[in-house]
Each structure stands twice: as C-alpha cells, then as structure tokens.
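Working notes for the structure below.
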Amino acid sequence: MEYKESLIKNEYKVNKMIGYIALGAFVGFLVMFLLNYMEVFKLNKDEVSIVFGVLSVGVLTIFLLTVVLNVQSPSVKYVSIALTNVLVMIGFAFLSMHMVLVLMLPILASCLYFNRQMNLVTSIETVVAMFVGHVLSVPLSIVYDDPLIVSYKSALLYGFLPRLIEYLILTGVIMLLTHITSNMMTDVFQYVTFNHKLVEELKSTQIEVVQSLAQIAENKSEETGEHLERVSAYMYVLAKGFGLPEKEAYNVSVAAMLHDIGKLGVDEKILSKPGKLTPEEFEEVKKHVIYGKELLQNSPSEIMQIARVIAEQHHEHWDGNGYLGLKKEQIHLYSRMMAVVDVFDALTSRRSYKDSWSVDAALREIIRCSGEQFDPEVVFVFKENFDKIYELYVSFQKRAAQTDETQNKIETAEQTIEASKNDA
C-alpha cells in the first residue's frame with residue numbers, strides 16, 4: 001500500500017516535470033520562430049507562424065494542467081502524453097526530417113511513471129502519430145529540401161517504415177530498462193520498509209529495556225513507574241521547547257527515565273529509610289550519580305549515552321552547589337533540563353514524608369531557584385511551555401485517579417468475597 005502511494009506521489013511530480021519540459025519546448029519553439037523571422041532559417045514565415053501557434057497552444061495547455069492548476073487526477077498523465085504525441089505529429093508533418101528525434105520524447109516521458117500500461121498506450125499512440133505525421137508531411141511540409149515530400153509512397157516506404165522499426169527497437173530497450181529499474185525500486189522499497197520496521201522493533205525493544213532498568217532502580221526507592229513516565233513526558237516538552245530536533249528530543253525523553261539508575265548501587269535500607277538520613281547515609285545516596293555513570297558509560301547506544309550524562313549530572317546546581325560541584329555550562333543541557341523536571345515532579349508528588357505541592361506552588365519554587373539551583377534559561381523555557389506541562393500533569397492525575405478507583409473496587413470485591421466465605 002505504501003509503495004503504491006509513493007508511485008502516486010511520483011506521478012504528480014512527473015506531471016509537473018513534463019509541464020516544465022513543455023514550457024521549455026515553448027521557449028525552444030519561440031527561438032526557432034524568431035530565428036526564422038530573422039531569416040536565419042529559410043522557411044515560409046506564414047506557415048511557420050501557424051505551426052508555432054498550434055504547438056504553443058498544445059504545450060501551454062500541458063503546462064496549465066500540470067503546473068498552474070496542478071490537477072491531481074490519474075487521467076492527467078494520459079492527457080499530457082496524448083497531447084505530446086499530437087504536438088510531435090504536427091511538428092513532424094510540417095518539419096519532417098528536422099523532427100525525427102522528438103518522436104522518442106513521448107515514450108521517454110511515459111517511462112518516468114514506471115507504469116507498463118502507460119508505456120504500452122504511449123507507444124501505440126506514438127506509432128499512430130508517426131504514421132499520420134508522415135502522411136501529412138507530403139502536403140504540409142515546409143522544408144523544401146526534404147526528400148519525403150516527393151510522394152506518399154516515399155514518405156511511408158522510406159520514412160515511416162524504417163523509423164517504425166527503429167522506434168520499436170529503441171522503445172523495447174527503453175521499456176525493458178524501465179521494467180528492470182521498476183523491479184529494483186520495488187526491491188529497494190521493500191528492503192527499506194523491512195529495515196524501517198526492524199529499526200522500529202529495535203527501538204521498541206530498547207525502550208522496554210530502558211523502562212525495565214529504570215523501574216528496577218525506582219523500586220529500590222519510594223518513587224514509582226508513574227514518576228518515570230511523567231519525567232519522560234515533561235522532558236520531551238522541554239526539549240522541543242529548546243528547539244531540539246524530533247529524534248533528539250525523543251531520545252532525551254527516553255533517556256530521562258534512567259536518571260536514577262545509579263540507585264541500584266545504593267543500599268536499599270538507606271533508600272527506604274523513613275526518617276532523616278545521617279550525613280554518612282546521605283553521602284552514600286549522593287554516590288548514585290557516579291554509579292549511574294559507571295553503569296551506562298560502556299553502552300554504545302545513543303540513548304544510553306544521553307542517559308549517562310543525565311544520570312551523572314542531574315543533581316548539579318547552576319551555582320555549583322550540587323553533588324559534584326559542576327556549575328553553569330559545565331553541566332550538560334540535558335542534565336540542566338532534568339534538574340528542573342525532576343524537582344517539579346518531586347514537588348507535585350506525594351511522599352511518605354510530605355504532601356504534594358500544588359502546581360502553582362511548584363512553579364513558583366522553580367522560578368525562585370532560578371540562577372541558583374536551576375539554569376535561568378531552562379526555567380524560562382519551562383515557563384514558556386508550562387501550559388503543555390500542565391496538560392500532561394492533569395492527564396497523569398486523571399489516570400492515577402482512575403487507577404485508584406479501579407484498585408478500590410477490586411479491594412472491595414475481594415473483601416466481599418472473603419466475608420462471604422467466612423459467613424459460609
């Protein structure tokens with residue numbers, strides 16, 4: 001289906017191409033007309049004017065249909081080729097020997113469509129046009145040194161017949177080459193389509209691996225899979241807000257889910273401790289940025305390399321008071337964005353040690369920390385795109401509410417079943 005769609009798109013492009021070729025032919029006819037008017041050629045001026053007028057109407061009609069009006073219809077190509085054959089016939093009828101090469105023009109144009117039916121119709125039309133052109137060349141030819149104007153017999157026997165044989169041979173070769181090219185294009189398209197699907201499958205698998213790794217890390221702390229989805233979605237909005245290309249923004253959003261992968265190296269007792277951490281415990285927690293870097297640094301994947309940078313630097317502060325002491329542009333843009341997104345989601349999420357903040361309060365806090373904890377430019381872009389962030393936040397909240405409601409129903413049903421068993 002996709003290949004057929006590509007052929008249709010190609011058809012419209014070829015229509016326009018033929019239209020511009022027709023415009024070029026018009027310019028060529030005009031030059032010939034002017035040169036003849038200046039007596040460079042020795043042709044009858046009145047008859048040349050008639051030929052020029054007829055040919056100009058034909059080529060401009062093709063240009064009008066294909067370029068000016070850009071008619072999107074399958075019939076346009078047949079009309080254009082048919083008009084081309086008529087123009088070739090008229091030109092040959094008047095100019096005879098001086099129009100031999102253009103007899104191949106219609107089939108050459110037809111082959112651009114990679115359509116066998118089109119090629120067959122065009123070749124039949126051209127043979128008919130050649131025959132009629134040779135017949136008309138006897139009474140209409142204005143080339144006085146043309147040997148074919150002597151009689152109909154000479155025009156057909158010495159003109160049409162040998163040219164027909166040459167035309168059929170050349171057309172056969174052209175159509176064969178077109179057929180081979182078309183098959184090669186089909187094979188290439190199928191190969192590209194297969195590889196595209198394979199890349200998409202690999203991308204999907206990679207995302208699943210990232211999500212699994214991130215989920216394992218988050219399970220060691222109080223954070224959840226929803227946290228991963230939220231920071232990923234927020235990072236995509238922020239990346240697009242910075243004008244990053246689609247692929248890069250997508251990779252950054254996926255990599256963001258691995259920002260805390262280093263927690264795999266931290267003692268679970270420390271991560272799950274309900275109370276305040278001791279200075280020693282906090283120092284151990286801070287090491288998760290180093291663990292994250294070490295876990296990801298040997299992966300050649302582009303997403304994993306982005307994740308490595310984010311995992312290592314997402315706790316850095318703009319003023320240099322972060323975990324590793326990096327400051328300002330020493331911190332990668334990805335990590336500067338992650339710092340804002342991670343804090344925003346942490347503030348607006350409920351934890352065992354705190355209630356969730358309102359969205360407005362979280363935004364005010366981020367703005368307050370601009371220039372200290374956060375990059376001012378990142379905060380500005382975050383504010384500029386906050387409507388999109390808020391829409392995502394609301395959608396996540398609604399989904400969470402629906403999940404809680406479903407879970408409550410399940411728990412109620414289980415309690416009812418258990419009570420029924422006890423009564424029995």
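Rule-based calculations on the coordinates, nothing more; no lab input. Being a predicted model, the structure only gives us computed values, none of them experimental. Quick reminder, even Gly has a Cβ in these numbers, built from the backbone with ideal geometry, and neighbours come from all protein chains shown.
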Requested in this report: Step through the residues of region 112-125 one at a time and calculate ³J(HN,Hα) from phi using the Karplus curve (6.51 cos²θ - 1.76 cosθ + 1.60, θ = phi - 60°), rounding each to whole Hz and writing x for Gly and Pro.
Outcome: 5, 7, 6, 10, 4, 4, 4, 5, 5, 4, 5, 5, 5, 4
Query raised in the report: When the Kirkwood hydrodynamic radius is evaluated over all pairs of different C-alpha atoms of region 74-171, what value in angstrom, to one decimal, is obtained?
Result: 13.4
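For M38 and L60, compute 0.36 nm times the residue count separating them, minus their Cα-Cα distance, and round to one decimal in nm. It would help to have the intermediate numbers written out before the result.
Details: separation 22, 0.36 × 22 = 7.92 nm, distance 2.43 nm.
Here the answer is 5.5 nm.
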Query raised in the report: Check F374: other-chain or 5+ apart residues with amide H under 5 Å from its amide H, H built from backbone geometry?
Result: W318
**Report entry** FRET efficiency, 1/(1 + (r/R0)^6) with R0 51 Å, evaluated for K9 and L264 via beta carbons
**Finding:** 0.55
Report summary line: XL table K240/K286; K16/K247; K286/K327; K269/K388; Cα-Cα > 26 Å flagged, in table order, is K240/K286; K16/K247; K269/K388
Report summary line: Applied in sequence order to region 362-373, the curve 6.51 cos²θ - 1.76 cosθ + 1.60 (Karplus, θ = phi - 60°) yields integer Hz couplings, x standing for Gly and Pro, of 5, 5, 4, 5, 5, 5, 4, 8, 5, x, 10, 7
Report summary line: Looks like region 249-315, by Cα gyration tensor root eigenvalues a ≥ b ≥ c and the a/c under 1.5 rounded cutoff (else prolate when a/b is bigger than b/c, oblate otherwise), is prolate
Report summary line: Taking placed amide H atoms and a strict 5 Å upper bound, the residues 5 or more places from F41 or on another chain that come that close are N36
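Between L101 and L69, what is 0.36 nm times their sequence separation minus the Cα-Cα distance? Round to one decimal in nm.
Working: separation 32, 0.36 × 32 = 11.52 nm, distance 2.97 nm.
Length difference between fully extended and current span is 8.5 nm.
Taking all pairs of different Cα atoms in region 2-61, averaging 1/r and flipping that mean, what Kirkwood radius in angstroms comes out? List each step's numbers first, then the result.
Details: mean 1/r = 0.0755 Å⁻¹.
Radius from the Kirkwood sum: 13.3 Å.
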